[in-house]
Ligand SMILES: [Zn+2]
């Protein structure tokens with residue numbers, strides 16, 4: 001093995017990854033054409049790389065994983081929204097039923113009326129999030 005072989009073998013991984021300068025590429029190719037040892041080394045390097053999944057596959061897998069995580073995060077959000085709006089709606093109606101109702105001296109009825117629209121609003125949010133959950137589950 002001469003000195004050039006040693007240099008070429010050190011550079012072969014960079015050559016295979018296609019990150020050498022043009023002068024280096026032509027030096028390596030010129031040497032490989034006349035050197036069986038380095039040619040064999042290059043072939044075995046290419047085989048090693050073919051065994052590993054390509055970077056594109058890795059990127060695809062990471063993208064799929066990231067989509068999956070986003071989907072699960074949204075699923076959790078809608079489930080949490082469904083449960084908390086149901087609890088809030090029940091709480092609003094129950095506290096309206098249990099609230100003290102009394103008349104002021106001028107005849108004004110004092111009752112926590114605001115709980116009624118809040119309860120219906122929470123019920124609406126529950127209904128919408130339940131529908132969204134059903135649609136997302138079917139997909
Ligand atoms: Zn060589």
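Computed from the coordinates by the stated procedures, all read-outs in this text should not be read as laboratory data. Since the model is a prediction, treat every value here as computed from it, not as a measurement. Methodologically, a virtual Cβ is constructed for each residue, glycine included, from the backbone with ideal geometry; neighbour enumeration extends over all protein chains shown.
Enter the angle in degrees (range 0 to 90, nearest 10) between the Cα long axis of helix 115-138 and the first principal axis of the Cα atoms of the chain, meaning the one along which they spread out most.
30 degrees
Report the gain in length on full extension from residue 60 to residue 98: 0.36 nm times residue separation, minus Cα-Cα distance, nm rounded to one decimal.
Details: separation 38, 0.36 × 38 = 13.68 nm, distance 5.66 nm.
Gain on stretching residue 60 to residue 98: 8.0 nm.
Measure nothing but the geometry: give the 0 to 90° angle between the long axis through the Cα atoms of 55-98 and the longest principal axis through the Cα atoms of the chain, rounded to 10°.
10 degrees
Projected area of the stretch 55-138, taken from the Cα convex hull and averaged over every viewing direction, in nm²? Walk me through the numbers before you get to the answer.
Numbers: hull surface 28.8 nm².
Quarter of the Cα hull surface area: 7.2 nm².
Once the Cβ-Cβ distance between residue 110 and residue 79 is put in as r, and R0 is 22 Å, what FRET efficiency do you end up with, to the nearest 0.05? Present the calculation step by step, with values, prior to reporting the outcome.
Details: r = 38 Å, r/R0 = 1.72.
So, using R0 = 22 Å, E works out to roughly 0.05.
Could you sort the peptides 84-95, 30-41, 107-118 by per-residue average Cβ neighbour count (10 Å cutoff), highest mean leading? Show your work: numbers first, answer last.
Working: 84-95: 15.9, 30-41: 14.2, 107-118: 11.8.
Packing proxy ranking, top to bottom: 84-95, 30-41, 107-118.
Output the 0 to 90 degree angle, nearest 10, between the alpha-carbon long axis of helix 22-33 and the longest principal axis computed from the alpha carbons of the chain.
Helix 22-33 sits at roughly 50 degrees to that axis.
Ignoring everything except DSSP H segments at least 4 long, calculate the 222 nm mean residue ellipticity for the chain; use -39,500 (n - 2.57) per segment, divide by total residues, nearest 500.
Values: 5 runs with 110 residues, N = 139.
Using -39500 (n - 2.57) per qualifying helix, the result is -27500 deg cm²/dmol.
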